[in-house]
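The values are calculated or read from the model by the stated rules, or taken from the named source; none is laboratory data. In this text, all values refer to a predicted model and were calculated from it rather than measured experimentally. So basically every Cβ, Gly included, is an ideal-geometry build from the backbone, and we count neighbours across all protein chains shown.
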Protein chains: 2
Amino acid sequence: MSLLIPNLPILPFLATANQNEEASSSLILAGVLLSLVLIYFASKLGGELCLRINLPPVLGELTGGVLIGVSAFKLLLFPESGADASDSLLMQFLINTSPLSQQAAQSVFDAQSEVISVLSELGVIILLFEIGLESDLKELIRVGPQAAVVAVVGVVTPFLLGVVGLITIFHVDTIPAVFAGAALTATSIGITAKVLSEIKQIGSNEGQIIIGAAVLDDILGIVVLAVVASLAKTGEIQISNVIYLIFSAGAFVIGSIVLGRFLSPFYVSLVNRMKTRGQLLLVSLSIAFIFAYIAQIIQLEAILGSFAAGLILAETEKRKELEEQVIPIADIFVPIFFVCVGAKTDLGVLNPLIPSNREGLIIAAFLIVVAIIGKVVTGFTLFGQPGLNKLAIGVGMIPRGEVGLVFAAVGAASGALDPATDAAIIVMVILTTFIAPPWLRIVFKEPAIAEVIPKTSD
Amino acid sequence: MSLLIPNLPILPFLATANQNEEASSSLILAGVLLSLVLIYFASKLGGELCLRINLPPVLGELTGGVLIGVSAFKLLLFPESGADASDSLLMQFLINTSPLSQQAAQSVFDAQSEVISVLSELGVIILLFEIGLESDLKELIRVGPQAAVVAVVGVVTPFLLGVVGLITIFHVDTIPAVFAGAALTATSIGITAKVLSEIKQIGSNEGQIIIGAAVLDDILGIVVLAVVASLAKTGEIQISNVIYLIFSAGAFVIGSIVLGRFLSPFYVSLVNRMKTRGQLLLVSLSIAFIFAYIAQIIQLEAILGSFAAGLILAETEKRKELEEQVIPIADIFVPIFFVCVGAKTDLGVLNPLIPSNREGLIIAAFLIVVAIIGKVVTGFTLFGQPGLNKLAIGVGMIPRGEVGLVFAAVGAASGALDPATDAAIIVMVILTTFIAPPWLRIVFKEPAIAEVIPKTSD
């Protein structure tokens, strides 16, 4: 057709029957490449800046995500938020630099968002695998009772305080109050574990209690969500489902430890007998992915599976070698998760200039106080254990992260939450997620000294 | 609703307005996890078996892919082949083990196939980045003239032999003959580079000539494809587009080398000043992805971009450290590419019991002979260079791989190719791809000795 030099060529040599398919497939790849570059840029910019002002890098990754996400520059958007291709500056950039048409942009946008979402989920799966590898199963079992106390207290306290307060002070209806109370029970294991890893406290007594409690809290959170959601939907609690979840969670945890003990020798001898490149990494990641898959399909969370796999493989002689090889993998996958969490966070609900936000902000202020008190007290319920940094344990349980947002999303979608309470939950989640990392660093300064003293006096 | 213990629970607590979205998003992740485990299993099973019978592991990865793909167990299928969710055994497994319904399966299948396809494309991008890091820009420029001779001879010879033979011996029409001839010109840089890397010959004189020629061949292949496709569509050649492609390829190659030289000091000082985890890897991968993006949108191929980025970064003092960190990344991404290439290969066209295949098989036999001769001669056109393993260079150019399949796909889609010629091209691509790796190993036995002798006589 055009015999002039094409300024924006439309892949003319692929202008065949499957033109759209071929063209959009190569443009989805282009969109993914662009998104990854953007995510890495945001994560390193935020991480490096935070490190320099003595804040945890992961806070910088979250903030970097907020900057490029729906709240600020709208470069990285996701269809779940109601955004389409024309809202995304990244897609507009792609349209302007590539042969992509405005019409085809929507399907490319959807597909590349899907890919980035899966990569982000793989990111948190790999993070928890790494945390599992850095943890110590024996130590975790030893601190089990303490972790259980912290987890249960950390679920019951904020739930009761939240529900009673909302009903009596704010005259919120029972069902939305229960939803908000349930959202207060969550703990984001990802945020806390990453900070603990950054300050090298995962192996400490407090670190293992926090990790153990956060894992138990994740399981409790799934049960609580099931209860609350069925309450909102049918007005009654589906006992069968609650029993199923408790049973499957218990079976999964015990089953994976027993299975792990039994299969570890086979794993080591298999890896030792293999000779091709990457054998240790691929066998180990396959185990992590199988566990994550099982946890996912029995309605637990994929991250519980990869954490269990990490714990089990950490018991084998391959631990050190595997840990080293997982580092670069985590380096490229984990930032995708944190930046995406930030990018999906809509800070619009925080703007007090918008009148409709104000009611939510007042409720939010109350929820934040309850969220902090409800978790900080958990550490202090561990009586008679001198030398334990009880405040650090409580602070470690504060961030609600993505888990809290799931409650808000399910609540809003079921119609049980009015916009004000929904916004209040989101504000509470954002604030607790962003204050916990720097606070955790501050409170961990103390035990580092406290730990040295007993050792020298031994 | 159900107060009995649910045997296959359908995520009841997410049974809200966005139920389908939430549920399918978690099931897409489950599908991706399952696919990755399967891909890793197939790649290691094939790779380990091949290594033990002294064949290149990459051949095992391809064969492992064939086993789980459309030709055999139909576990890993892709919608491009016309398959849908009900054909895929992996999807059936997912339906039977998870709350996924047959109705929702199709969208999960499409989404997870898309994710795996993108991961596979990232795999070959990372492979070429690694090959670039292992290559030597100065050496590549030094062997440039030889590589150019090999590339041009390797395009012209099989094209002319193929077209003339098809027209005179088989009385094929001009346009399908030209298409088949064009498919003969391709070289799969991925297959050859991986084998060279496995036998540690990338740094050798022959290795660098092959890599250089394969890269040039990739560029020539894009130009040839543009010419042939426009010929098939309009009956005439779009000069403008050919000029555009030649110009943009030249500008890209020269531009990236110049830009790389100029920006290298900034890269090193940036990485040195950064303090957060994974800084070297993320900055370097971002550069690779930006180059891949640019190559992709100017209608070259993404792999040319990542190869150029690898070449440039290999010139900096970070080379060794970066190479080490890229290894685990390549270990988890690259097998996805080779297994997917195998899984997408339909060996059905090879079955001589199906009468309609026979005409294609006869043409295929001719094409295979031409494909081998046309590339093997290339090495012998390098006159007066004793000590150079000329046969190895020719054999290194034989595999057509995915590049050859693109010709067949574009040809079939445009209607220019009849089924017999189309099948013949596919058979030729499969055979050349599968025989080259073991053959390359055999012919490289010699220079290893030849190389030692000059060194001791020096």
Taking B:Leu270, is it modelled with pLDDT of 90 or more and more than 30 Å from B:Ala412 (Cα to Cα)?
yes
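Conditions tested, residue by residue: (1) away from every other protein chain (no Cβ under 14 Å); (2) closer than 16 Å to A:Ala371 by Cα; (3) touching a residue at least 12 places away in the same chain (Cβ under 8 Å).
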{"position": "A:Val152", "(1), (2), (3)": "yes, yes, yes"}
{"position": "A:Val172", "(1), (2), (3)": "yes, no, yes"}
{"position": "A:Gly181", "(1), (2), (3)": "yes, yes, yes"}
{"position": "A:Thr185", "(1), (2), (3)": "yes, yes, yes"}
{"position": "A:Lys194", "(1), (2), (3)": "no, no, yes"}
{"position": "A:Ile222", "(1), (2), (3)": "no, no, yes"}
{"position": "A:Ala226", "(1), (2), (3)": "no, no, yes"}
{"position": "A:Thr234", "(1), (2), (3)": "no, no, no"}
{"position": "A:Ser240", "(1), (2), (3)": "no, no, no"}
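Just to be sure before I move on: is A:Pro399 under 18 Å from A:Ala186 (Cα atoms), part of a loop (DSSP other than H, G, I, E, B) and modelled with pLDDT under 90 in the structure I sent? Working first, answer last.
On the way: under 18 Å from A:Ala186 (Cα atoms): yes; part of a loop (DSSP other than H, G, I, E, B): yes; modelled with pLDDT under 90: yes.
So A:Pro399 passes the test.
Of all residues in segment A:205-262 being among the acidic types (Asp, Glu) and in a helix (DSSP H, G or I), which is surrounded by the fewest Cβ atoms within 10 Å (Cβ to Cβ)?
Among residues in segment A:205-262 that are among the acidic types (Asp, Glu) and in a helix (DSSP H, G or I), the one surrounded by the fewest Cβ atoms within 10 Å (Cβ to Cβ) is A:Asp218.
Would you confirm whether any residue within segment A:41-51 is modelled with pLDDT under 90 and either within 30 Å of B:Glu402 (Cβ to Cβ) or out of contact with any Ser or Thr (no Cβ under 7 Å at 6 or more places or on another chain) (or both)?
Of segment A:41-51, the ones modelled with pLDDT under 90 are A:50-51.
This time we only want the ones that are either within 30 Å of B:Glu402 (Cβ to Cβ) or out of contact with any Ser or Thr (no Cβ under 7 Å at 6 or more places or on another chain) (or both), so: A:50.
Yes, segment A:41-51 has at least one match.
Taking the condition within 29 Å of A:Thr316 (Cβ to Cβ) and out of contact with any Phe, Trp or Tyr (no Cβ under 8 Å at 6 or more places or on another chain), does A:Ala151 pass?
On the way: within 29 Å of A:Thr316 (Cβ to Cβ): yes; out of contact with any Phe, Trp or Tyr (no Cβ under 8 Å at 6 or more places or on another chain): yes.
Answer is yes for this residue.
Tell me, please, whether a residue that is more than 14 Å from chain A (Cβ to nearest Cβ), at pLDDT 90 or above and buried (at least 20 other Cβ atoms within 10 Å of the Cβ) can be found in segment B:56-65.
Quick first cut of segment B:56-65, residues more than 14 Å from chain A (Cβ to nearest Cβ) only: B:65.
This time we only want the ones that are at pLDDT 90 or above, so: B:65.
When the remaining residues are screened for being buried (at least 20 other Cβ atoms within 10 Å of the Cβ), the result is B:65.
Yes: segment B:56-65 contains one or more residues that are more than 14 Å from chain A (Cβ to nearest Cβ), at pLDDT 90 or above and buried (at least 20 other Cβ atoms within 10 Å of the Cβ).
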Check A:Ser81, A:Ser43, A:Ser107 and return the single one that is facing chain B (nearest Cβ under 9 Å), of a type in the set (S, T, N, Q) and touching a residue at least 24 places away in the same chain (Cβ under 8 Å).
A:Ser43
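May I ask you to list the residues in segment B:164-193 that are within 30 Å of B:Gly207 (Cα to Cα) and assigned to a helix (DSSP H, G or I)?
Restricting attention to segment B:164-193, the residues satisfying the condition of being within 30 Å of B:Gly207 (Cα to Cα) are B:179-193.
If the condition is that a residue be within 30 Å of B:Gly207 (Cα to Cα) and assigned to a helix (DSSP H, G or I), then B:Phe179, B:Ala180, B:Gly181, B:Ala182, B:Ala183, B:Leu184, B:Ile189, B:Gly190, B:Ile191, B:Thr192, B:Ala193 are the ones that fit.
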Output the qualifying pairs, or none if there are none: Cβ atoms under 7 angstrom, residues six or more apart or on different chains, first residue in segment B:276-304 and closer than 21 Å to A:Asn96 by Cβ and assigned by TED's automatic domain parsing to the domain that holds B:Ile191, second residue surrounded by fewer than 22 Cβ atoms within 10 Å (Cβ to Cβ) and among the aromatic types (Phe, Trp, Tyr).
B:Ser286/A:Phe41; B:Ala295/B:Phe252; B:Ile298/B:Phe252; B:Leu300/B:Phe252
Among the residues of segment B:404-416, is any crowded, with 24+ Cβ neighbours inside 10 Å and away from chain A (no Cβ under 14 Å)?
yes
With criteria (1) over 24 Å from A:Phe41 (Cβ atoms); (2) under 27 Å from the mean Cα position of the chain (by Cα), B:Ser256 comes up short on (1)
How many residues are within 15 Å of A:Leu38 (Cα to Cα) and away from chain B (no Cβ under 11 Å) if we restrict to segment A:318-340?
4
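Taking B:Lys200, is it of a type in the set (Lys, Arg), more than 28 Å from B:Leu55 (Cβ to Cβ) and free of Cβ contacts under 8 Å to residues at least 40 places away in the same chain? Show your work before the answer.
Numbers: of a type in the set (Lys, Arg): yes; more than 28 Å from B:Leu55 (Cβ to Cβ): no; free of Cβ contacts under 8 Å to residues at least 40 places away in the same chain: yes.
Against the criterion (of a type in the set (Lys, Arg), more than 28 Å from B:Leu55 (Cβ to Cβ) and free of Cβ contacts under 8 Å to residues at least 40 places away in the same chain), B:Lys200 does not qualify.
Which residue out of B:Ser26, B:Ser43, B:Ser35, B:Ser71 is out of contact with any strand residue (DSSP E or B) (no Cβ under 7 Å at 6 or more places or on another chain) and assigned to a loop (DSSP other than H, G, I, E, B)? Can you show your working first?
On the way: B:Ser26 fails: assigned to a loop (DSSP other than H, G, I, E, B); B:Ser43 fails: assigned to a loop (DSSP other than H, G, I, E, B); B:Ser35 fails: assigned to a loop (DSSP other than H, G, I, E, B).
Result of the check over B:Ser26, B:Ser43, B:Ser35, B:Ser71: B:Ser71.
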Is it true that some residue in segment A:417-425 is within 14 Å of chain B (Cβ to nearest Cβ), more than 15 Å from the chain's Cα centre (by Cα), over 22 Å from A:Val66 (Cα atoms) and at pLDDT below 80?
yes
Only unsatisfied item for B:Leu285, checking (1) touching a helix residue (DSSP H, G or I) at 6+ places or on another chain (Cβ under 6 Å); (2) within 7 Å of chain A (Cβ to nearest Cβ); (3) surrounded by 24 or more Cβ atoms within 10 Å (Cβ to Cβ), is (1)
Residue hits (segment B:92-138; in contact with a Pro (Cβ under 9 Å, 6 or more places away or on another chain) and within 23 Å of B:Ala214 (Cα to Cα)) are B:Gly123
Note on segment A:333-384: residues part of a loop (DSSP other than H, G, I, E, B), free of Cβ contacts under 8 Å to residues at least 24 places away in the same chain and touching a Lys or Arg at 6+ places or on another chain (Cβ under 9 Å) are A:Pro352
B:Ala182 versus (1) buried (at least 24 other Cβ atoms within 10 Å of the Cβ); (2) at pLDDT 90 or above: which is the lone unmet condition?
(2)
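Return the only residue of B:Leu90, B:Leu59, B:Leu140, B:Leu51 being in a helix (DSSP H, G or I), in the same structural domain as B:Ala436 (by TED's automatic domain parsing) and of a type outside the set (Phe, Trp, Tyr).
Values: B:Leu90 fails: in the same structural domain as B:Ala436 (by TED's automatic domain parsing); B:Leu59 fails: in the same structural domain as B:Ala436 (by TED's automatic domain parsing); B:Leu51 fails: in the same structural domain as B:Ala436 (by TED's automatic domain parsing).
From the options B:Leu90, B:Leu59, B:Leu140, B:Leu51, the qualifying one is B:Leu140.
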Regarding segment A:410-418, can at least one residue be identified that is under 30 Å from A:Ile126 (Cβ atoms) and of a type in the set (Asp, Glu)?
no
Out of (1) hydrophobic (A, V, I, L, M, F, W, C); (2) within 16 Å of A:Ser25 (Cβ to Cβ); (3) modelled with pLDDT of 90 or more, what's the single condition that is false for A:Leu90?
(2)
So, in segment B:267-279, of the ones that are within 9 Å of another protein chain (Cβ to nearest Cβ) and not polar (S, T, N, Q), which residue ends up nearest to A:Leu34 (Cα to Cα)?
B:Gly278
Which pairs turn up if I take residues in segment B:27-39 that are at the interface with chain A (Cβ under 7 Å from one of its Cβ atoms) and farther than 23 Å from A:Gly278 by Cβ and look for partners that are of a type in the set (Phe, Trp, Tyr) and crowded, with 24+ Cβ neighbours inside 10 Å with beta carbon separation below 6 Å, at least 6 apart in sequence or on another chain?
B:Ala30/A:Tyr293
Out of (1) of a type in the set (S, T, N, Q); (2) within 14 Å of chain B (Cβ to nearest Cβ); (3) crowded, with 16+ Cβ neighbours inside 10 Å, what's the single condition that is false for A:Ser71?
(2)
